[in-house]
Amino acid sequence: MNDPMIPAPFRVKRTRKELEDTFTLELAPIRNSRPFHFSAGQFNMLYVHGVGEVPISISGDPGDPSVLVHTTRSVGTVTDAMWKLKQGDTIGIRGPFGTSWPVVEAEGSDVVIVTGGIGLAPLRPAIYHIITNRKRYGNVVILYGARTPEDILYRREIERWRSRLDIDVEVTVDRATGHWAGNVGVVTKLVSRGGFDPSQTVAMVCGPEIMMRYCVQALNDQGVANDRIYVSMERNMKCAVGFCGHCQFGQAFVCKDGPVFRFDAIERDFYVREL
Amino acid sequence: MTPTPEYRKTRVVIDAAQLDVLIANLRAQGYEVIGPTVADGAIVYAPLSGAGELPAGVTDVQGPGSYRLEKNGTALFAHVVGPHAWKRYLYPPEQLLFRSVRQGRNLRINEELELKRYAFLGVRPCDIAAIRIHDKVFADGEYADPGYSARRQAAFIVAVNCTRPAATCFCASMNTGPRARDGFDLALTEFSDRGAPEFLVEVGSARGSQTLAKLKHRPAGEDDLKRADALLAAAARSMSRSMPSGIADAIEDHLEDAYWDKIAGRCINCANCTMVCPTCFCTTVEDVTDLSGDIAERWRKWDSCFNIDFSYIHGGSVRREASSRFRQWMRHKLDTWHDQFATSGCVGCGRCITWCPVGIDITEEARTLTKG
Ligand SMILES: Cc1cc2nc3c(=O)[nH]c(=O)nc-3n(C[C@H](O)[C@H](O)[C@H](O)COP(=O)(O)OP(=O)(O)OC[C@H]3O[C@@H](n4cnc5c(N)ncnc54)[C@H](O)[C@@H]3O)c2cc1C
Ligand code: SF4
Ligand code: SF4
Ligand code: FES
């Protein structure tokens, strides 16, 4: 019997600084060369030797399982240590875990993706999938918010998406700096611009809980029902397999029943304080 | 349905001396025998080398926030559950998960599995229910813990039915006791009201049957069976505490309620209730390294939802208020556990009532909520 708590060693193939506090690791398994298959929205547990282990979403292309990509914001002990890893170093990986974005369920519908800050990383695999299979979807709207223009994650890639004529990409910042000529204000405000048929839309939302709360409100105001809205929840995780109890959110274990939830399934608990 | 195996119909009687033989026998089969014994003024579960270490003539007097042992009679099992639960052996308080050895830029990650064959002597019916709950958490789901699964599969269980519940027990209302119906290899009901203790033995497995064959026994008569039935029925009737029905719904109806602030004012967040609870399974992990930093170990340790760091995510803990943590405990035990594992997370053992320093009584609290 395999112990699901034991990581497998992966080699750091490439590191990339994305932002002042955010970096990307490209990894490949050491012991075998099996492709790393995952679904958009799933996450791994990343173990740094002697330091600890944290949940990080997979942010690469699910259509290219030859490389495992993680984009992480450095916020504390483990993520700081992770940033110090260099090409050629080893990291422990367990996964993939959890539920995924409804990219299949959304076929035939309009898709609205609303996210902010690092929240784009867990959604990028869904965007890749949708772009690869563009014909299967109706209108595609991507709304992204960052603190300042300097905090825009995957900026060049966003610019590439923006230049396409078959996706509607809008970026907003809380505070304009430099030559910023785009939107200023919270990302939820962009939702009211529309560009999708609310009764035929699947919305995918990822960000801090408070941001997701306003997004759901804004989507509801546009007429998107809660059973068409998906959110990714974050809770402390020590195991990712239902053993440690830490990720409980009401009746759900975020690690296995989530992290992606259809909003109507968690709606009630979502509004209860400190659950 | 598969037909009931023949051994399930076995009913025999053994005397107390045979317990010593049973222990020796299990040890000879390679089991480490764990059972109740007295240490530091409490009944704990520890390795036994003979029946002489059982708490003969010791009774526990339990109440909210109080526990005391008294000398009384000659029975070997006139006590019930103490601060220990069997999870201490099946899912120990500290477990080494793996060792990571750094060699240059490589890591070698080695699994550390400690496999022990335990025989548990004196498992109460509520604790059998608790072990079965842990089976659902650690063995029967999408992922299984190999250490737990192996220890659990190997474990030989000698149940002891409860003829003398403590004042804190409420297993009858949870349908987990005072008599074990299955989930054991052997089950004993102690007769101690007429001189030297004797035990009615029931058999739950083929290996139980083989082990029993080596003990001196006599077939149980109709009167023995009636005697056990009467003792256990009286035990069930004697329980003054009970879990009110409808508690799960009551909690759902009171998720945001001033009640939680009130009870949090009494709770001192010591986490005792979760440590002694036979079903609480939460753990955290700890990383330690040697001086060179090349050898790192990852340990899994029991944790509790009463600890403020338990729900920590970047930016701060989710459950900052003591009231939120108390709500998590009670909602999980009595409510969301049903959604997760199709059973209550409480088996009615009463440990949390006894070992709460301020005497918070889960049945009382449940009653307050169902009435409110
Ligand atoms: C499903 C999921 C997906 C995630 N995906 C990403 C991602 O793609 N990119 C990214 O940058 N971040 C992601 N996070 C957040 C990331 O896990 C935390 O930022 C990280 O755990 C912080 O660890 P630390 O040791 O550096 O921070 P510290 O503040 O030092 O944290 C100490 C410990 O607390 C726990 N902890 C702290 N914050 C979190 C948290 N937010 N979630 C869970 N446990 C936490 C960890 O055990 C951590 O080791 C994700 C979280 C979850 C639950
Ligand atoms: S909640 Fe209390 S009474 Fe119920 S099983 Fe746990 S310790 Fe026993
Ligand atoms: S009550 Fe608390 S410690 Fe016990 S299993 Fe539930 S979350 Fe874990
Ligand atoms: S992360 Fe351990 S139970 Fe979900």
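Here is how the numbers come out for the structure above:
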item	result
Shielded residues, the stretch B:263-308 - accessible-area loss of 50 Å² or more between chain alone and all protein chains, probe 1.4 Å	B:D287, B:R298
Cα centre as origin, Lys/Arg/Asp/Glu Cβ charges: the stretch B:8-237 dipole, Debye	400 debye
Percent of Cα-Cα distances greater than 47 Å, calculated over the protein assembly as shown	27 percent
Whichever lysines have a C-alpha closer than 18 Å to that of B:K371, once near sequence neighbours (fewer than 8 apart) are set aside	B:K262
Given chain A, longest segment not containing exposed loop trypsin sites (Lys or Arg not before Pro) (DSSP; at most 16 other Cβ within 10 Å)	A:194-272
Cα gyration tensor shape for chain A, rounded if a/c is under 1.5, else prolate or oblate	prolate
Overall form of the stretch B:256-372 per C-alpha gyration tensor (a/c, 1.5; a/b vs b/c)	prolate
Surface accessible to a 1.4 Å probe, per residue, for the residues of the stretch A:8-97, Å²	40 Å²
Accessible area expressed per residue, chain B, with surrounding protein chains retained (probe 1.4 Å, Å²)	41 Å²
Solvent-accessible area buried by B and A, counting both chains, probe 1.4 angstrom, square angstrom	4300 Å²
Within the protein assembly as shown: Cβ-based charge dipole about Cα centre, in debye rounded to nearest 20 (Lys, Arg +1; Asp, Glu -1)	900 debye
Delta accessible area of at least 10 Å² on complex formation, residues of the stretch B:80-113, 1.4 Å probe, chain isolated as reference	B:L97, B:F98, B:S100, B:R102, B:R105, B:N106, B:L107, B:I109, B:E111
Surface per residue (accessible, 1.4 Å probe) for the stretch A:110-232, Å²	44 Å²
Net charge of neighbours whose Cβ lies under 11 Å from the Cβ of B:V81, counting Lys and Arg as +1 and Asp and Glu as -1	0
Theoretical FRET efficiency, 1/(1+(r/R0)^6), r = Cβ-Cβ of A:R134 and A:R193, R0 22 Å, to 0.05	0.55
For the stretch B:8-237, convex hull of alpha carbons as volume per residue, Å³	154 Å³
Efficiency of FRET between B:N269 and A:E159 - r from beta-carbon atoms, R0 60 angstrom, step 0.05	0.75
Rounded percent of accessible protein surface that carbon and sulfur make up, the protein assembly as shown, 1.4 Å probe	49 percent
Residues in the stretch A:1-45 occluded by at least 50 Å² - accessible area, probe radius 1.4 Å, against chain by itself	A:M1, A:D3, A:M5, A:I6
Per principal axis, descending, Cα span of the stretch A:110-232 in whole Å	39, 31, 23
Given charges at Cβ of Lys, Arg, Asp, Glu: the stretch B:8-237 dipole, positive-most of B:A236, B:Y45, B:L113	B:L113
Rough spin-label spacing in nm, given labels placed 7 Å along Cα→Cβ, for A:E107 and B:S245	4.8 nm
Sites excluded, GluC sites (Glu not before Pro) in DSSP loops with at most 12 other C-beta within 10 Å, longest stretch of chain A	A:106-275
Under 30 Å from B:K71, Cα to Cα: lysines that are on another chain or at least 8 residues apart	B:K87, B:K216, B:K226
Förster-model FRET efficiency, 41 Å R0, B:R181 and B:E256, C-beta, rounded to 0.05	0.55
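The values are calculated or read from the model by the stated rules, or taken from the named source; none is laboratory data. No experiment lies behind these values; they were computed from the predicted model shown. Cβ sites come from the backbone with ideal geometry, for glycine too, and all protein chains shown count toward neighbours. Side chains are part of the model used for accessible areas, which takes the heavy atoms of the whole protein and leaves out ligands, DNA and RNA. Shrake-Rupley method; radii C 1.70, N 1.55, O 1.52, S 1.80 Å.
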